[in-house]
Amino acid sequence: MNYRTHLLGALGKENIGQAITVTGWIDRRRDHGGVAFIDLRDRSGIAQLVIHDEELARALHHEYIIEATGEVIERPDGQENENLTTGDIEIVANDVKIISRSQPLPFQVSTAIEDKEPVGEETRLKYRYLDIRRPKIAKSLKLRARVNAVARKVLDSKEFIEVETPTMIRSTPEGARDFLIPARLRPGSWYALPQSPQLYKQMLMVGGLERYYQIARCYRDEDFRADRQPEFTQLDIEASFVNQEDIIGLTEELLVAVFAEAGEKIQVPFPRITYREAMEKYGSDKPDLRVETQLIEMTEYFKDTPFRVFQASYVGAIVFKDGASTPRRQFDAWQEWARSRGAKGLAYITISKEGELAGPVAKNLSESERAGLLEATGAKVGDALFFAAGDRKKSQELLGSARVEIAKRQGLLKNNDWSLVWVVDFPLFKSTDDDDPDEIAVGDSKWTAVHHAFTMPSAEWVDKFDKDPAGAMSDSYDIVCNGNEIGGGSLRIYNPELQERVFSVMGISKEEADEKFGYLLNAFKFGAPPHGGIALGWDRIVALLTNSQSIRDVIAFPKSGGGYDPLTHAPAPISKHQRRETGVDYKPKTDQKK
């Protein structure tokens, strides 16, 4: 049975005079003295129905689904709707059937409120099937489908093979908590959901496929943070007999095609900066280069300072352009902003139009420090300076966040002003003292991997990384867009002895490595090719392309805070029967002998 002959959004002047049948949801209705005008919506767009049957029109309400048959006519002069692609025509309906009725909605989904959030996010997620009717969400999901297709087209043209890897795997330490599944047929044993397909894609390289990709679902049991999801998607790519330039070139070609599908043009090649340069200049390993302000190291400048706060291993500054006129209460608010990021505060100096230095810090500086400050920082009259002192990395990160926050508050950041950059030459290891609170120590050591434990040391460090873990570098790379890390990858270790040396630095014994990663290490013994790859954060890329404030807006059924699903109320307790059946409470028998 065919419910319709045409899609609403495809109608135009070429259909004038035709008798057609259309279906859809009633988006809006307007009554004009015996004539009702209905905006009817389907997946392709909206067209206007004209109904002269007043009694019939009264029975039609918002979000009813109807089937309408009638004639396409041209709208009278002056009544065209420029906001609709079908604004030159309308359908005079002579037969209307109600297919499905709707109760009053908990919030409006009409196209008339496209740019407004009708209610809070928790309510929208509770009724996500209604939220998807809103043009903003529907457009995002449609674009996501198109960029999926574009990515597949590019990779297929390069002879990459799409392979699905398991979602029920052995629990392996990859830096975050696993989601675990009880194995009913093996009481006391558990599967884990994969944090990434990392080990499987490396074994596919051992298998000789050479070129693999997958739009992969990944799972991390993390504490809630804004814009993170317990389940997320990445475009996973791995290839054999490649170097870093091969992966970077492929990724740039792929992103050009993906951005073009969204109507955005980006220039390649993308600029590159080292990890060290990113931290020293921008205070972040994912720098937003739309912001021109850079960090200025002042450690040497203040080496003999009388100001105790600046008697630190690192002192840095940024220029707050035109910041001298900032009211004192806003500078106080900046202190709260800094404390919310774990800092004690954000020291500042203002420079009046007369060139006078003011603020809590200025009076603590020596005369020579005050006299040379503008020249040392490049600040001008009317500007202000923010300072951070203490631990180098934490101070740089604070100033890096401040430079971006200043630009946001000054309205300098435009979402469609694209800045993509490669960050390269990452350290191989980092101290466990710097760990993300969601990361779990993989081994019993003060060192953990910056990217992951399977990252190849750079050529000059292969023979000595275990002698100087703090200085060791890796063959790894991140791609950053507008201050967001949208992908990361590396060349991989393919030699079992080299892999065991990396494990050793991380405090993973040979016995533990065999227990947790033995299948990968064994695979390497049968001829593993050199290989590398990248994983692109698909949710984040689509969110950027759709100018969405959160990745939740580009996921069909996302979770809210704490991994809770307002729609299905998951997670939820299970019954006693399910607990018994799945063996959740299984306890192995213990030896009672003393």
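Hey, can you tell me all the residues within the stretch 147-188 that are in contact (Cβ under 8 Å) with a residue 12 or more places away in the chain and of a type in the set (Ser, Thr, Tyr)?
Selection gives Thr165, Thr167, Ser171, Thr172.
Given Ile296, Ile248, which one is touching a Phe, Trp or Tyr at 6+ places or on another chain (Cβ under 9 Å) and either under 30 Å from Ala470 (Cα atoms) or of a type in the set (Gly, Ala, Ser) (or both)?
Ile248
Going by the conditions given, is Asp322 out of contact with any Leu (no Cβ under 7 Å at 6 or more places or on another chain), open to solvent by less than 20 Å² (accessible area, probe 1.4 Å), under 21 Å from Asp383 (Cβ atoms) and of a type outside the set (Lys, Arg)?
Details: out of contact with any Leu (no Cβ under 7 Å at 6 or more places or on another chain): yes; open to solvent by less than 20 Å² (accessible area, probe 1.4 Å): no; under 21 Å from Asp383 (Cβ atoms): yes; of a type outside the set (Lys, Arg): yes.
Answer is no for this residue.
Name the single residue, out of those in the stretch 562-594 being surrounded by 11 or more Cβ atoms within 10 Å (Cβ to Cβ) and farther than 22 Å from Tyr191 by Cβ, that is nearest to the chain's Cα centre (by Cα).
Looking at the filtered set, the residue picked out is Tyr564.
Read through the list (1) crowded, with 16+ Cβ neighbours inside 10 Å; (2) touching a Gly at 6+ places or on another chain (Cβ under 6 Å); (3) not acidic (Asp, Glu), then give the number of the only condition that Asn94 fails.
(1)
Just the residues that are open to solvent by less than 70 Å² (accessible area, probe 1.4 Å) and in contact with a helix residue (DSSP H, G or I) (Cβ under 9 Å, 6 or more places away or on another chain), please, taken from the stretch 334-350.
Restricting attention to the stretch 334-350, the residues satisfying the condition of being open to solvent by less than 70 Å² (accessible area, probe 1.4 Å) are 334-335, 337-338, 343, 345-350.
If the condition is that a residue be open to solvent by less than 70 Å² (accessible area, probe 1.4 Å) and in contact with a helix residue (DSSP H, G or I) (Cβ under 9 Å, 6 or more places away or on another chain), then Trp334, Trp337, Ala338, Ala343, Gly345, Leu346, Ala347, Tyr348, Ile349, Thr350 are the ones that fit.
Going through Tyr314, Tyr275 one at a time, which residue ends up being within 35 Å of the chain's Cα centre (by Cα), more than 30 Å from Asp417 (Cα to Cα) and at pLDDT 95 or above?
Values: Tyr275 fails: more than 30 Å from Asp417 (Cα to Cα).
Going through Tyr314, Tyr275 in turn, the sole match is Tyr314.
Listed residues Leu235, Leu250; which is more than 26 Å from Pro496 (Cβ to Cβ), open to solvent by less than 40 Å² (accessible area, probe 1.4 Å), aliphatic (A, V, I, L, M) and in contact with a helix residue (DSSP H, G or I) (Cβ under 7 Å, 6 or more places away or on another chain)? Talk me through it step by step, then tell me what you get.
Working: Leu250 fails: in contact with a helix residue (DSSP H, G or I) (Cβ under 7 Å, 6 or more places away or on another chain).
Only one candidate qualifies: Leu235.
Which one of Thr251, Thr274 is under 16 Å from Ile479 (Cβ atoms) and either touching an Asp or Glu at 6+ places or on another chain (Cβ under 8 Å) or not hydroxyl-bearing (Ser, Thr, Tyr) (or both)?
Working: Thr251 fails: either touching an Asp or Glu at 6+ places or on another chain (Cβ under 8 Å) or not hydroxyl-bearing (Ser, Thr, Tyr) (or both).
Residue meeting the stated conditions: Thr274.
Just checking, which of Lys353, Lys363 is in a helix (DSSP H, G or I), open to solvent by 10 Å² or more (accessible area, probe 1.4 Å) and basic (Lys, Arg)? Walk me through how you get there before you give the answer.
On the way: Lys353 fails: in a helix (DSSP H, G or I).
That would be Lys363, the only listed residue that is in a helix (DSSP H, G or I), open to solvent by 10 Å² or more (accessible area, probe 1.4 Å) and basic (Lys, Arg).
Can you confirm whether Gln330 is within 21 Å of Leu373 (Cβ to Cβ), open to solvent by 40 Å² or more (accessible area, probe 1.4 Å) and at pLDDT 95 or above?
Numbers: within 21 Å of Leu373 (Cβ to Cβ): no; open to solvent by 40 Å² or more (accessible area, probe 1.4 Å): yes; at pLDDT 95 or above: yes.
No, not satisfied.
Restricting attention to the stretch 388-416, and to residues there that are surrounded by fewer than 18 Cβ atoms within 10 Å (Cβ to Cβ) and among the acidic types (Asp, Glu), which single residue is nearest to Val361 (Cα to Cα)?
Filtering first and then ranking leaves Asp391.
Report the residue count in the stretch 497-544 for those that are surrounded by fewer than 16 Cβ atoms within 10 Å (Cβ to Cβ), aromatic (Phe, Trp, Tyr) and assigned to a helix (DSSP H, G or I).
Looking only at that region, the number is 1.
With respect to the numbered conditions (1) of a type in the set (Ser, Thr, Tyr); (2) open to solvent by less than 50 Å² (accessible area, probe 1.4 Å); (3) more than 21 Å from Arg4 (Cα to Cα), which one is the sole condition not fulfilled by Ser100?
Every condition holds for Ser100 apart from (3).
Can you pull out the strands (runs of 3 or more DSSP E) entirely within the stretch 1-62 that have at least 2 residues that are of a type in the set (Lys, Arg) and open to solvent by less than 80 Å² (accessible area, probe 1.4 Å)? Walk me through how you get there before you give the answer.
Details: elements: 19-31, 36-42, 45-51.
Those strands (runs of 3 or more DSSP E) span 19-31.
Answer with yes or no whether Leu180 is within 25 Å of the chain's Cα centre (by Cα), of a type in the set (A, V, I, L, M) and open to solvent by 50 Å² or more (accessible area, probe 1.4 Å).
Values: within 25 Å of the chain's Cα centre (by Cα): yes; of a type in the set (A, V, I, L, M): yes; open to solvent by 50 Å² or more (accessible area, probe 1.4 Å): yes.
For Leu180, the condition - within 25 Å of the chain's Cα centre (by Cα), of a type in the set (A, V, I, L, M) and open to solvent by 50 Å² or more (accessible area, probe 1.4 Å) - is met.
Among what's in the stretch 187-212 and is of a type in the set (Ser, Thr, Tyr) and open to solvent by less than 40 Å² (accessible area, probe 1.4 Å), pick the residue that is farthest from Arg580 (Cα to Cα). Break it down into steps so the answer makes sense when it comes.
At the first step, the residues of the stretch 187-212 found to be of a type in the set (Ser, Thr, Tyr) are 189, 191, 196, 200, 212.
Cutting the leftovers down to open to solvent by less than 40 Å² (accessible area, probe 1.4 Å) gives us 196, 212.
Details: Ser196: 30, Tyr212: 40 Å.
Among them, the one singled out is Tyr212.
Within the stretch 297-319, restricting attention to residues that are open to solvent by 20 Å² or more (accessible area, probe 1.4 Å) and in contact with a Leu (Cβ under 9 Å, 6 or more places away or on another chain), which residue is nearest to Leu254 (Cα to Cα)?
Val319
Of all residues in the stretch 213-229, how many are touching a strand residue (DSSP E or B) at 6+ places or on another chain (Cβ under 8 Å) and surrounded by 20 or more Cβ atoms within 10 Å (Cβ to Cβ)? Reasoning before the result, please.
First, the residues of the stretch 213-229 that are touching a strand residue (DSSP E or B) at 6+ places or on another chain (Cβ under 8 Å): 213-222.
Within this subset, residues satisfying the condition of being surrounded by 20 or more Cβ atoms within 10 Å (Cβ to Cβ) are 213-214, 216, 218, 220.
The qualifying residues number 5.
If I filter the stretch 103-119 for residues that are among the charged types (D, E, K, R) and within 21 Å of Glu67 (Cα to Cα), do I get at least one hit? I'd like the intermediate steps shown before the answer.
Kept after step one, since they are among the charged types (D, E, K, R), are these residues of the stretch 103-119: 114-117.
Filter once more, so that each one left must be within 21 Å of Glu67 (Cα to Cα): none.
There is no residue in the stretch 103-119 that is among the charged types (D, E, K, R) and within 21 Å of Glu67 (Cα to Cα).
The values are calculated or read from the model by the stated rules, or taken from the named source; none is laboratory data. Here the structure is a predicted model, which is why all the values come from computation and not from measurement. Every residue, glycine as well, gets a Cβ built from its backbone with ideal geometry; the counts of neighbours run over all protein chains shown. These area figures cover heavy atoms from the full protein model, side chains too; ligands, DNA and RNA do not enter into them. Shrake-Rupley method; radii C 1.70, N 1.55, O 1.52, S 1.80 Å.
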